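Working notes, structure below.
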Amino acid sequence: MKTDELVTALSRHLEPVDRGLIRRTVGFALAVAIVGALCVAALWLGVRTDFVTAHAAAFLIAKLAFAVTVIGVASVYLMRLSRPGGELGMPSFWAFVPFAAIILLAAASLGSAPSSHWNRMILGDEWLECLLSIPVIAIVPFAVLVWAVRKAAPTNLVRTGAFTGLVAGGTSALAYALHCTDDSLPFIAAWYGGTILLCTIAGAVLAPRLLRW
Amino acid sequence: MTTSERELKALMLAGQGGDAAAHRRLLERLSQHLRAYYKRKLASFGKGAMEAEDLVQEALLAIHIQRHSYDPAELLTPWVHAIARYKLIDFLRRSRTSRADVPIDEADDIMANDDHVATENSYDIRRLIEKLPRNMQYAIGAVKLEGLSVAEAARRYQLSEPAIKVSIHRGLKALANLIAKEVKT
């Protein structure tokens, strides 16, 4: 078939397109990702029951705020990146801000404590559980987001994959926070920040194969 | 903003709304830009007009299938360029030329020149359509090749109109995948 015949064929009986489809699909996937992560975390690990005390409640809120900020900023980028050419003229600066903020808070918290406490503040009781749980819980959100983003035909696969991993990691951290009883800012910075970063790298590495269209 | 950006964007918006004549005009003009772009890019990889024409058809199909992903708040040129470049890199990867070899180019490169001299390409879309599942073949054959309306095609094959529309949509996507498999060497 010659190219002009192809053009003729493609423009016959043209259907109007739904311009809001991508926004709705990615938005729907994000909602499913959050609900899915919460369900997996609640059923698998259970929810902490001590958040009636002011100290525990404050840290629960701090963890949720960190995760929500990461998800919020990263999903704005992801929405753009998922379309062809969405990577243009878009520095990823704001995606680093929540991480910089939590690292500064952690440093301030360490600075105001005697150095003999540092080990305990950073490692907490369950650093290994956190290190393993957040990436595992992120699998379902990542799969749902990949499904949605692929439909929008992204053209920079590595970057789009990194942001897909970042949103999935943030979602997973949000869910894990409901279980986690390690209440210190250095712990959040090291293990929440670190595992979300790990999910971001995994997304960038896996994406060229998963997101191809 | 250049004149071609303004004109092509207007055609795209009309096409998104279902205006077939505008969509046709858009694809015609883009095919000339794509041809000039691919001929120029492929020359440095020792590939000729036939491979360029292959890519023109692949890119046109992608632009058609993905036209819902164009956001009217953005410029059209970078969107077209991103798809054209994505297809170029994909083609070079399939033909085992590394991605690192594709020099970075500007979005405006895609609209810089046009080339009306269409050549033969290496695969035949008609033959590839015959490899699709039956309903997709019927729907694309009747509506896109013969020019029947969706209602007429639905009556002929005893299918609902939504089923015909879905078959066309899925069939074109499947066709794009078949082309990608075909153009491997």
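The values are calculated or read from the model by the stated rules, or taken from the named source; none is laboratory data. Everything numeric in this text was worked out from a predicted model, so none of it was measured. Reconstructed Cβ throughout: ideal geometry from the backbone, glycine too, with neighbour counts over all protein chains shown. Areas reflect the complete protein model, heavy atoms only, side chains present, ligands, DNA and RNA absent. Shrake-Rupley method; radii C 1.70, N 1.55, O 1.52, S 1.80 Å.
Are any residues in segment B:5-40 open to solvent by less than 30 Å² (accessible area, probe 1.4 Å) and in contact (Cβ under 8 Å) with a residue 60 or more places away in the chain, and if so, which ones?
Within segment B:5-40, B:Glu5, B:Leu8, B:Met12, B:Ser31, B:His33, B:Leu34, B:Arg35, B:Ala36, B:Tyr37 qualify.
Give, as residue ranges, the helices (runs of 4 or more DSSP H) completely inside segment A:117-179 that count at least 2 residues that are in contact with a helix residue (DSSP H, G or I) (Cβ under 7 Å, 6 or more places away or on another chain) and either under 30 Å from B:Lys87 (Cα atoms) or among the basic types (Lys, Arg) (or both).
A:139-150, A:157-177
Looking at B:Glu58, B:Glu5, which is the one that is more than 7 Å from every other protein chain (Cβ to nearest Cβ) and over 14 Å from the mean Cα position of the chain (by Cα)?
Step by step, each of B:Glu58, B:Glu5 is checked, and only B:Glu5 is more than 7 Å from every other protein chain (Cβ to nearest Cβ) and over 14 Å from the mean Cα position of the chain (by Cα).
Of the residues that sit in segment A:9-26 and are more than 7 Å from every other protein chain (Cβ to nearest Cβ) and without any contact (Cβ under 8 Å) to a residue 24 or more places away in the chain, which one is most open to solvent (accessible area, probe 1.4 Å)?
A:Arg24
Evaluate segment B:88-98: report whether one residue or more is open to solvent by 70 Å² or more (accessible area, probe 1.4 Å) and away from chain A (no Cβ under 12 Å).
yes
Could you check segment A:65-76 and list, in sequence order, the residues that are over 9 Å from the mean Cα position of the chain (by Cα) and either outside any helix (DSSP H, G or I) or under 17 Å from A:Ala106 (Cβ atoms) (or both)?
The answer is A:Ala65, A:Phe66, A:Thr69.
I need every pair where a residue in segment A:98-124 that is hydroxyl-bearing (Ser, Thr, Tyr) has its Cβ under 8 Å from the Cβ of a residue that is assigned to a helix (DSSP H, G or I), sequence separation at least 6 or different chains.
Final answer for the pair search is A:Ser109/A:Met121; A:Ser109/A:Leu185; A:Ser109/A:Pro186.
To keep it simple, each residue is scored yes or no on (1) more than 30 Å from B:Tyr70 (Cβ to Cβ); (2) of a type in the set (Ser, Thr, Tyr).
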| site | (1), (2) |
| --- | --- |
| A:Thr53 | yes, yes |
| A:Ala58 | yes, no |
| A:Val73 | no, no |
| A:Arg80 | no, no |
| A:Trp94 | no, no |
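From the list A:Ala42, A:Ala54, A:Ala95, pick out the single residue that is surrounded by fewer than 21 Cβ atoms within 10 Å (Cβ to Cβ) and free of Cβ contacts under 8 Å to residues at least 60 places away in the same chain.
Step by step, each of A:Ala42, A:Ala54, A:Ala95 is checked, and only A:Ala54 is surrounded by fewer than 21 Cβ atoms within 10 Å (Cβ to Cβ) and free of Cβ contacts under 8 Å to residues at least 60 places away in the same chain.
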